[in-house]
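Have a look at the structure below before the remarks.
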Amino acid sequence: MTEAEKSAGSAPDITAPAVVVAGAIVADGLLLLAQRARPPELAGLWELPGGKVEPGESDARALMRELHEELGVDTSVGVQLAGDVPLGAGRILRAYRVELVAGSPAPLDHSDLRWVDAAGLREMDLVDADREWVTELALMLR
């Protein structure tokens with residue numbers, strides 16, 4: 001075995017984590033939340049809508065695609081919310097501020113949609129990952 005083969009076998013895994021993106025859609029001081037329909041362990045919980053970034057796709061492009069597929073809207077992606085949230089299994093969640101450009105959100109891939117103010121946000125049964133941003137989101141709703 002050559003030195004290169006020896007060191008290659010012990011090299012650390014530097015594979016980048018898979019990214020999942022979520023959109024904080026705010027309009028008229030309200031935040032749009034989507035109720036999960038699946039998987040069973042998350043069904044009924046509320047989340048910022050979004051989805052997986054495909055290989056070669058930017059976070060912004062993925063989020064615009066996912067929001068169009070899930071809500072039937074065209075959007076513009078703004079600034080990232082503070083910090084990535086680890087999801088396990090080599091995945092991380094990133095959330096961005098999003099503006100509606102065209103269309104009215106419809107629950108095409110969720111059980112329901114709800115616009116909430118800061119007080120309502122704190123009362124929602126959110127998926128654990130999205131709880132990381134509750135304080136930051138509430139400040140956006142003032």
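When every residue of the stretch 66-82 is checked against the conditions, at least one turns out to be of a type outside the set (Gly, Ala, Ser), in contact with a Phe, Trp or Tyr (Cβ under 8 Å, 6 or more places away or on another chain) and surrounded by fewer than 16 Cβ atoms within 10 Å (Cβ to Cβ). Tell me yes or no: at least one residue of the stretch 89-101 is exposed (fewer than 15 other Cβ atoms within 10 Å of the Cβ), among the hydroxyl-bearing types (Ser, Thr, Tyr) and at negative phi. No: zero hits.
Restricted to the stretch 36-59, and to residues there that are open to solvent by 40 Å² or more (accessible area, probe 1.4 Å) and touching a residue at least 12 places away in the same chain (Cβ under 8 Å), the residue that is farthest from ASP117 (Cα to Cα) is LYS52.
The values are calculated or read from the model by the stated rules, or taken from the named source; none is laboratory data. Please read all numbers here as calculations on a predicted model, not as lab measurements. Quick reminder, even Gly has a Cβ in these numbers, built from the backbone with ideal geometry, and neighbours come from all protein chains shown. SASA here: full protein model, heavy atoms, side chains in, ligands and nucleic acids out. Shrake-Rupley method; radii C 1.70, N 1.55, O 1.52, S 1.80 Å.
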